[in-house]
Every structure is written in structure tokens, then in C-alpha cells.
1. To the nearest 10 square angstrom, what accessible area does Arg132 show with a 1.4 Å probe?
2. At 7 Å along Cα-to-Cβ for each site, give me the label-to-label distance between Arg68 and Asn97 in nm.
3. With a cap of 12 neighbouring Cβ atoms within 10 Å, and only residues DSSP puts in a loop, list the GluC sites (Glu not before Pro) found in the range 90-166.
4. For Phe82, Phe75, give the ranking by accessible area with the largest first, probe 1.4 Å.
5. Among the aspartates and glutamates, which have Cα under 19 Å from the Cα of Lys47 when same-chain residues fewer than 8 positions away are ignored?
6. Apply 1/(1 + (r/R0)^6) to the Cβ-Cβ distance of Glu152 and Glu184, taking R0 = 30 Å, and write down the FRET efficiency to the nearest 0.05.
7. Note down the accessible area of His74, probe 1.4 Å, to the nearest 10 Å².
8. Please report the accessible area of Thr205 (heavy atoms, 1.4 Å probe, ligands and nucleic acids excluded) in Å², nearest 10.
Amino acid sequence: MDIRGFFQRKNSGPGVTVVVSEESDVILPCSLSTNQDLEQKLFDWRKKAPNKQEVFMYDGGLHYNNGRPGQDEHFRGRVSHFPQELQFGNASIIIRNTTVADSGDYTCDFPHLQPEQRFCIKLVVELTLKDRSGEIPGAAPKPFVGILNISEDEALLKCEVRGASPKPKVEWRDSDGNILPAEEPQVSRTGERYDITLLTTVTRTNSSLFHCVATQEEMGHVTRDQIDVRYCEKTSEVKSRYGVGVLIGLWFSGVAATLALSVAAKCIRKHKKASQRNQRDDPSKEACNGDASLTDCLTSQL
């Protein structure tokens with residue numbers, strides 16, 4: 001990390017809030033605007049609640065990490081300063097391996113300066129939920145998920161969490177993490193362990209992936225499972241704005257047309273031969289007798 005760049009960006013004025021994830025390291029900034037050398041000065045870091053815990057004190061080179069007593073047990077071995085930054089008026093500290101209990105309001109005091117100066121920093125340590133079902137007794141195991149009923153447009157999903165302690169919060173979520181409406185959870189208890197069943201109805205949307213999530217915030221534990229819903233396909237139907245009857249009629253019409261063309265071709269051949277005979281016998285009868293013969297042929301064949 002570029003420490004100098006970090007402190008230049010982090011002005012430790014009033015109302016500074018620092019947010020960090022649990023189990024990570026965090027720097028709480030505290031710098032004098034005058035850049036006064038602090039190597040021989042005193043500054044004291046405290047946490048206001050619950051009882052003004054001593055976090056880190058530096059006094060002319062003596063501090064909690066090199067023999068000075070008085071540091072609160074909660075912070076012992078986890079807090080240090082930046083010796084190379086003292087000459088620039090920088091009294092910032094780093095807290096390692098943060099926990100949710102570290103969250104709160106901190107003060108950085110310079111009691112011997114004239115005038116006395118104090119800086120306030122709010123630290124927020126966000127809970128990091130992890131799957132610890134194989135590590136902690138009572139941690140909720142991976143949920144059982146399934147489909148109770150499904151149709152063309154909706155599905156009834158079931159999620160079961162068994163043997164969890166403390167009681168977990170169970171939720172159905174969509175692929176974007178949004179909580180889905182669900183029925184009232186069905187809860188049964190054996191001793192200190194809970195079995196929970198949660199049902200939800202989902203409808204056909206752009207996404208078919210759903211998650212069941214069980215959370216036990218007291219122990220920082222979360223576990224989940226997912227299900228990919230494949231809705232029933234609609235029954236294949238022959239659809240026409242003319243109706244099925246018209247389709248059948250068109251089919252028969254096609255057959256009839258094919259038959260008519262076959263008959264017409266046969267009659268035309270006969271008509272041609274008859275015309276040739278008439279022309280030899282009496283050329284004046286060609287048109288009339290020929291047309292009549294063709295008409296008679298078509299009528300008799302059909």
C-alpha cells in the first residue's frame with residue numbers, strides 16, 4: 001500500500017467514517033494539519049463504548065507494543081502505528097483482523113498540544129457471512145430444495161433446513177438476490193435445534209434460477225442451495241385462423257384437385273385423338289364435336 005498517498009487522501013477531519021469487512025485490516029486516520037513532528041509528543045486512541053477502551057497510546061517513543069501497560073485486552077497485539085509517519089504529524093493506527101465488536105466511535109486525542117486537539121472516527125465492521133456448517137456445531141447444513149408442483153407458468157418450491165441452532169432465517173431469493181414472497185415458515189423444534197420448511201410460488205420469468213438461503217447472524221454463518229426450474233412445455237396444437245375444419249377441407253380439396261388434374265390430362269389426350277379422326281372424316285365438325293367430346297369425357301370421368 002502507498003501509505004503516504006493513503007494518508008493524503010484520508011483527511012482525519014471530524015465526522016470521518018471508515019467501513020471495512022470483518023477479518024480484514026483497517027487504518028484509522030488521524031493527522032495534524034500543521035504536519036507537526038510527533039516523535040516526542042503524546043497521542044491517545046480510545047474507543048468510546050462500552051467503557052472508553054484504551055486502544056493505543058504513544059508517548060515520546062513509548063507505546064503499548066514496547067512495554068507500556070494499560071491497553072484493553074480486546075485490542076492487545078492487534079494495533080500498531082506508523083513510526084515513519086510521525087515526523088509528518090501523522091498519528092494514524094492500523095487495527096488488524098477486525099471483528100464486528102470493533103465497530104464504534106473512536107477518538108484520537110492530543111492532550112498536550114495548545115490548543116488540545118481531538119479527532120473522531122467512526123468504524124463500521126461489516127459481518128462477513130461464511131458457510132461454516134462443517135466447522136461449528138449447530139451451524140445450519142446446506143438446505144434441501146425441491147419442486148412440489150409445476151405447470152406451464154408457475155412452480156411451487158420447497159426449502160428445508162434441519163437441525164440448526166440457533167434458529168436460522170430462511171429466505172427464497174431470485175438470481176439477482178431479491179427476496180421472494182413466501183408462505184409462513186413451518187418451524188419445529190427438538191431441544192435447541194430447529195427444522196424449518198419454507199414454500200414459495202414462482203412464475204415464469206426471464207430467469208429460472210432460484211436460491212434458498214439460511215442465515216445465522218449470531219455465528220456469522222450462511223449456507224444456501226439453488227434450483228433451476230424448467231416449466232412444463234405447452235401442448236403442441238395446430239392453430240389456424242380458419243379452424244381445424246377448414247384445414248381438413250383444404251386437405252380434401254388438394255386431393256380432389258390432384259385427381260381432377262389427372263382426369264383432365266387423360267381426357268385431353270382422348271380429345272386430341274378424336275379431333276384428329278374428325279378432321280380426317282369431316283373438317284367442319286372439328287370444333288363442335290371436339291369440344292363436346294372433351295366435355296363428355298370430363299363429366300363421365302368425374
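1. That residue has around 40 Å² of solvent-accessible surface.
2. Roughly 2.3 nm, to one decimal.
3. Numbers: sites: Glu116, Glu126, Glu135, Glu152, Glu154, Glu160; in loops: Glu116, Glu135, Glu152.
Within the range 90-166, the qualifying GluC sites (Glu not before Pro) (loop, at most 12 other Cβ atoms within 10 Å) are Glu116, Glu135, Glu152.
4. Values: Phe82 35, Phe75 0 Å².
Putting Phe82, Phe75 in descending order of accessible area: Phe82, Phe75.
5. Within the straight-line cut-off, Lys47 pairs with Glu22, Glu23, Asp25, Asp59, Asp72, Glu73, Asp102, Asp105, Asp109, Glu116, Glu126.
6. Working: r = 27 Å, r/R0 = 0.90.
It comes to 0.65.
7. Ignoring ligands and nucleic acids, His74 comes out at about 60 Å².
8. Answer for Thr205: close to 80 Å² accessible.
The values are calculated or read from the model by the stated rules, or taken from the named source; none is laboratory data. If you're wondering where the values come from, they're calculated on a predicted model, not measured in any experiment. When we count neighbours, we look across all protein chains shown, and the Cβ atoms used for this are built from the backbone with ideal geometry, even at glycine. Areas reflect the complete protein model, heavy atoms only, side chains present, ligands, DNA and RNA absent. Shrake-Rupley method; radii C 1.70, N 1.55, O 1.52, S 1.80 Å.
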